[in-house]
1. Is there a residue being part of a helix (DSSP H, G or I) and more than 9 Å from chain B (Cβ to nearest Cβ) anywhere in region A:63-70?
2. Restricting attention to region B:3-38, which residues are facing another protein chain (nearest Cβ under 9 Å), part of a strand (DSSP E or B) and of a type in the set (Val, Ile, Thr)?
3. Give A:Asp87, A:Asp83 a once-over and let me know the one that is open to solvent by 80 Å² or more (accessible area, probe 1.4 Å), in a helix (DSSP H, G or I), under 19 Å from A:Leu20 (Cα atoms) and modelled with pLDDT under 90.
4. Hey, could you check region A:36-76 for residues that are closer than 25 Å to A:Val88 by Cα and of a type in the set (D, E, K, R) and say which is most open to solvent (accessible area, probe 1.4 Å)?
5. Within region B:85-113, restricting attention to residues that are under 14 Å from B:Leu47 (Cβ atoms) and open to solvent by 10 Å² or more (accessible area, probe 1.4 Å), which residue is modelled with the highest pLDDT?
6. I'm trying to understand the selection: among the residues of region B:39-63, which are surrounded by 15 or more Cβ atoms within 10 Å (Cβ to Cβ), in contact with a helix residue (DSSP H, G or I) (Cβ under 8 Å, 6 or more places away or on another chain) and either assigned to a strand (DSSP E or B) or at pLDDT 95 or above (or both)?
7. Being buried (at least 19 other Cβ atoms within 10 Å of the Cβ) and within 20 Å of the chain's Cα centre (by Cα) is the filter here, so list the residues in region A:92-107 that pass it.
8. Six or more apart or on different chains, Cβ under 6 Å: which pairs go from a residue in region B:70-90 that's more than 19 Å from A:Ala18 (Cβ to Cβ) and within 12 Å of chain A (Cβ to nearest Cβ) to one that's open to solvent by less than 10 Å² (accessible area, probe 1.4 Å) and aromatic (Phe, Trp, Tyr)? Could you list them?
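The values are calculated or read from the model by the stated rules, or taken from the named source; none is laboratory data. This one's a predicted model, so the numbers in the text were calculated from it and none came from an experiment. Positions of Cβ are generated from backbone atoms using ideal geometry, with glycine treated the same way; all protein chains shown enter the neighbour counts. In case anyone asks, the SASA skips ligands and DNA or RNA and just uses the protein heavy atoms, side chains included. Shrake-Rupley method; radii C 1.70, N 1.55, O 1.52, S 1.80 Å.
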Amino acid sequence: MPSKHEVGTSRRQEAVFAALADPMRSRVLQTLATRGGATATEVAMDLPVTRQAIVKHLGVLDRAGLVTWRKEGRDVRYEVHVDRLRDVARWLDRIASQWERRLARLKAIAEQTGDPS
Amino acid sequence: MTDTITHEITIHALIERVWDLLTQPEHIARWYAFDGADIDLRPGGRLAFRWREHGEYRGRVERVEKPHTLSFRFVGHVPDQDPNLHNSTLVTFTLRERGGSTIVRVDESGFAGLIDPTEGTANKSAISLEGWRGGFEALAAYAVQA
């Protein structure tokens with residue numbers, strides 16, 4: 001099982017999964033990736049939804065830590081937060097290695113000779 | 001990067017023995033749920049794994065095909081919660097016999113379905129695994145080249 005720290009981490013990862021579960025939000029993020037950063041107005045030019053909707057999606061992505069932003073005059077420019085994605089990849093790796101350890105223990109027990117089970 | 005984690009191992013023991021270790025509470029406590037396990041081994045049956053320092057983690061049995069398949073929904077990240085589609089993943093054990101040995105494969109899937117409880121009422125109809133996958137794969141590719 002995860003340690004307390006990892007439980008906290010997984011909660012944060014959930015926000016990422018939830019953010020990416022919405023197809024339009026995924027497209028917003030892809031658009032940012034393709035453009036190498038963009039304002040809400042620029043994203044709205046590429047996608048069939050209003051700028052207002054884009055702003056909402058960017059808000060969710062921001063709370064999930066998937067984008068970073070900075071002010072640029074009157075605009076806000078958003079970029080993909082690549083480290084965050086690597087973070088999620090590492091989280092999945094950790095779950096995989098937990099299974100690896102559990103199955104290794106199962107194997108060790110199963111292969112013990114003279115075990116009555 | 002996909003929504004499924006898979007791991008496979010070859011165990012030099014008969015499939016019936018591995019099945020018992022995988023499904024009997026007293027054995028599960030030896031390799032996984034160190035402070036005890038309950039498992040009602042039939043579809044819809046309750047499952048609980050305990051670790052003294054973390055609490056009780058619950059699940060619900062989906063498929064039981066002795067000695068080849070056991071699958072269950074599992075709330076692996078929050079204690080004391082009954083499983084539903086938005087707080088649990090699907091864990092599937094598949095056992096195959098090969099010349100006196102047993103190949104055990106575990107798949108854990110459904111991370112994309114996990115909903116952040118802090119986000120309130122997410123628009124569930126808009127949530128699609130395909131959307132998540134597409135987005136994630138594109139971004140994983142982006143992360144690699146960046």
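1. The initial filter retains those residues of region A:63-70 that are part of a helix (DSSP H, G or I), namely A:63.
Of the ones still in play, those that are also more than 9 Å from chain B (Cβ to nearest Cβ) are none.
Taking every residue of region A:63-70 in turn, none turns out to be part of a helix (DSSP H, G or I) and more than 9 Å from chain B (Cβ to nearest Cβ).
2. B:Ile5, B:Thr6, B:Ile9, B:Thr10, B:Ile11
3. Values: A:Asp87 fails: open to solvent by 80 Å² or more (accessible area, probe 1.4 Å).
Going through A:Asp87, A:Asp83 in turn, just one is open to solvent by 80 Å² or more (accessible area, probe 1.4 Å), in a helix (DSSP H, G or I), under 19 Å from A:Leu20 (Cα atoms) and modelled with pLDDT under 90: A:Asp83.
4. A:Arg63
5. Here is the first cut: in region B:85-113, the ones under 14 Å from B:Leu47 (Cβ atoms) are B:88-93.
Those left that are additionally open to solvent by 10 Å² or more (accessible area, probe 1.4 Å): B:90, B:92.
On the way: B:Leu90: 92, B:Thr92: 95.
In this case the residue turns out to be B:Thr92.
6. B:Ile39, B:Phe49
7. A:Ile95
8. Cβ pairs passing all conditions: B:Pro79/B:Tyr57.
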